[in-house]
Amino acid sequence: MTKNNDMKEFWLGGKHTVNHALKNENNAIFKVFLSSKNNINEIPKKYLNLISIKSHQEIDKLFSTKINHQGYAVKIKERKTFQFSELRKNIIKYDEIIILNNVFDDRNIGSIIRSCVAFDVKCLIVEKNNFRAGSELMNKSASGGMEYIDIYLVSNLNNVIKVLQQNAYWVYSLDGESNKNIFDIKFNKKSAFIFGSEGDGIKSLVKKNSDEIISIPINKKIESLNLSNSVSIVLSNIKKAR
């Protein structure tokens, strides 16, 4: 788990992102900025003394990238993440696990987190060099989903695959070239799904170590789906099958 003294402070923006962050009792909250007094009644009472009313332009300046903050911002301590060593201990809690390989885009990762939470997936595994906890775009794209998922930051996905297989998980890699259609597969109760970047896909060794390589059938006129859309389709299909 990330140590408290290693956690940085940063700003979150967006109505849903801020409101969900304030509902999470584990978060350390330092400041709340609103553009309108009319929104104060949405803020939990224990944070009322932290509220300042600021203009939209003043809130804009809090962020290094342009995001639609909707007049809501909160200064928060970076949330805890988990390490590979903790996966063995916690793995019993999860039925489905999503794993990202070669995925760098903050907005994509945020959207995937949102999809995971929407379909009750509670575990996401990401290569640690590709994850920026304080990313404004990722947090905004997750739309509050960061508060409801365990995120593991790892160095070697092949070691992760071994641990999953030792704990009765069936590991699937998503690859558009596979002839195995996700809609024809009966998924294992304990399942992990690896998704690669839209450009480079999944690394060959990671794919080789998976138990099965599967694809989402799409019209051949379209080369590939957006990554977060692919995650949503897979998770929706699993939920329906369960």
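Rule-based calculations on the coordinates, nothing more; no lab input. All of these numbers come straight from a predicted model, not from anything done at the bench. Every residue, glycine among them, receives a Cβ derived from its backbone with ideal geometry; neighbour counts consider all protein chains shown.
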**OP:** Name the most mobile residue of I112, I194, I182, meaning the one with the largest mean-square fluctuation, in a Gaussian network model of the chain with Cα contacts below 10 Å.
**Re:** I182
**OP:** Could you tally the net charge around I67, taking each other residue with its Cβ under 13 Å from the Cβ of I67, Lys/Arg +1 and Asp/Glu -1?
**Re:** +2
Subject >> Projected area averaged over orientations for the stretch 4-77, convex hull of C-alpha atoms, nm² >> reply: 4.9
Original post:
For the stretch 164-242 and the stretch 73-110, what is the separation of their C-alpha centers, rounded to whole Å?
Top reply: 19
Subject >> the stretch 161-242 shape via C-alpha gyration tensor axes, a/c threshold 1.5 >> reply: oblate
**OP:** Could you calculate the contour length gain from L225 to N130, that is, 0.36 nm times the residue separation minus the distance between their Cα atoms, to one decimal place in nm?
**Re:** 32.1 nm
**OP:** Please find the FRET efficiency linking Q57 to A118, where r is the Cβ-Cβ separation and R0 is fixed at 51 Å, and quote it to the nearest 0.05.
**Re:** 0.95
Original post:
Gaussian network model of the chain, Cα springs within a sub-10 Å range: biggest mean-square fluctuation belongs to which of D106, D211, D150?
Top reply: D211
Original post:
Under a plain spin-label model, where a point goes 7 Å from the Cα along Cα-to-Cβ, how far apart in nm are D184 and S36?
Top reply: 5.3
**OP:** DSSP loop (so not H, G, I, E, B), at most 13 other Cβ within 10 Å: list which GluC sites (Glu not before Pro) in the stretch 185-238 pass both filters.
**Re:** E223
Original post:
What residue among L50, L22, L34 has the largest mean-square fluctuation in a Gaussian network model of the chain, using Cα springs under 10 Å?
Top reply: L50
Subject >> Rounded, prolate or oblate (a/c below 1.5 giving rounded, otherwise prolate when a/b exceeds b/c) for the stretch 86-242 by Cα gyration tensor >> reply: rounded
**OP:** Taking 7 Å along the Cα-to-C-beta vector as the label spot, tell me the K239-N24 distance in nanometres, rounded to one decimal.
**Re:** 2.0
Original post:
For the chain, what does -39500 (n - 2.57) per DSSP helix run (n ≥ 4), summed and divided by total residues, give at 222 nm, in deg cm²/dmol to the nearest 500?
Top reply: -8500 deg cm²/dmol
**OP:** Once you've got the Cα coordinates, tell me which of K180/K221; K8/K190; K46/K89 are over 26 Å apart.
**Re:** K8/K190; K46/K89
